[in-house]
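What follows is a short report on a single structure.
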Amino acid sequence: MSGIHTARRRFTLTCLLLAGATVGCSRLADHPLVEMAKEEVTLNERARELLGEPVNWSGGVTGRANEVDGLAAMQIPVSGPRATGVVVVEGKKFDNEWGVTMLEIRPEGDAEKVSLTADLAARTGVNTPKFDPNAEPTPASNTAPPPAEVSLELPD
């Protein structure tokens, strides 16, 4: 009996892990950064030259997207008649809206990666601000100073 019970537990655990992985991958597949990346690769002339047409999206999306810290990095398998590879997209969340900070195609083999970050920014008009070490510091906000004294009365 104990052998059957152990086998059932292993089978149940395996099924739960597979279901969790499937749900996690499907959530990433619906992420706004994945949608932006797929749209740019499909419309981009340099991407079409590299991959050929039609572009096929096969396989699950891997990576991570953290809503708390607003950072995401994902990999999307892609193929076409001329090449197969991975689309890598990274992004940051600003004011509850995701923006692409890096987008590139990494072909299999010795082919050089193709960066599409600037192409996406030019096409969509979205431009992530560049860091300027010589920029003037932003003035501090005019918040009220904390009270000089705080007293709390606790019940006896």
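Summed over segment 76-91, the residues that are in contact with a Leu (Cβ under 6 Å, 6 or more places away or on another chain) and assigned to a strand (DSSP E or B) give a count of 2. Selection within segment 110-127: residues that are part of a loop (DSSP other than H, G, I, E, B) and under 18 Å from the mean Cα position of the chain (by Cα). The member of this set that is modelled with the lowest pLDDT is 127.
I'd like to check something: does segment 30-49 contain any residue that is more than 11 Å from the chain's Cα centre (by Cα) and over 27 Å from residue 125 (Cβ atoms)? Scanning segment 30-49, I find no residue that is more than 11 Å from the chain's Cα centre (by Cα) and over 27 Å from residue 125 (Cβ atoms), so the answer is no.
The single condition from (1) at pLDDT 95 or above; (2) surrounded by 14 or more Cβ atoms within 10 Å (Cβ to Cβ) that residue 46 fails is (2). Contact map, segment 40-67: residues that are touching a residue at least 24 places away in the same chain (Cβ under 8 Å) and closer than 23 Å to residue 91 by Cα paired with residues that are exposed (fewer than 14 other Cβ atoms within 10 Å of the Cβ) and polar (S, T, N, Q), Cβ distance under 9 Å, separation 6+ or inter-chain. Pairs shown: 40/124; 60/22; 60/26; 61/26.
When 58, 79 are checked against the criterion of being in contact with a helix residue (DSSP H, G or I) (Cβ under 9 Å, 6 or more places away or on another chain) and within 21 Å of residue 34 (Cα to Cα), 79 stands alone in meeting it.
If you go through segment 27-58 and keep only what is outside any helix (DSSP H, G or I), farther than 20 Å from residue 108 by Cβ and of a type in the set (D, E, K, R), you end up with just 30.
Picking from residues in segment 63-102 that are among the β-branched types (Val, Ile, Thr) and within 9 Å of the chain's Cα centre (by Cα), the one that is surrounded by the fewest Cβ atoms within 10 Å (Cβ to Cβ) is 88. Being β-branched (Val, Ile, Thr) and at pLDDT below 95 is a description that does not apply to residue 41.
The values are calculated or read from the model by the stated rules, or taken from the named source; none is laboratory data. Worth saying up front: this structure is predicted, and the values here are computed from it rather than measured. Note that we place each Cβ from the backbone using ideal geometry, even for glycine, and neighbour counts take in every protein chain shown.
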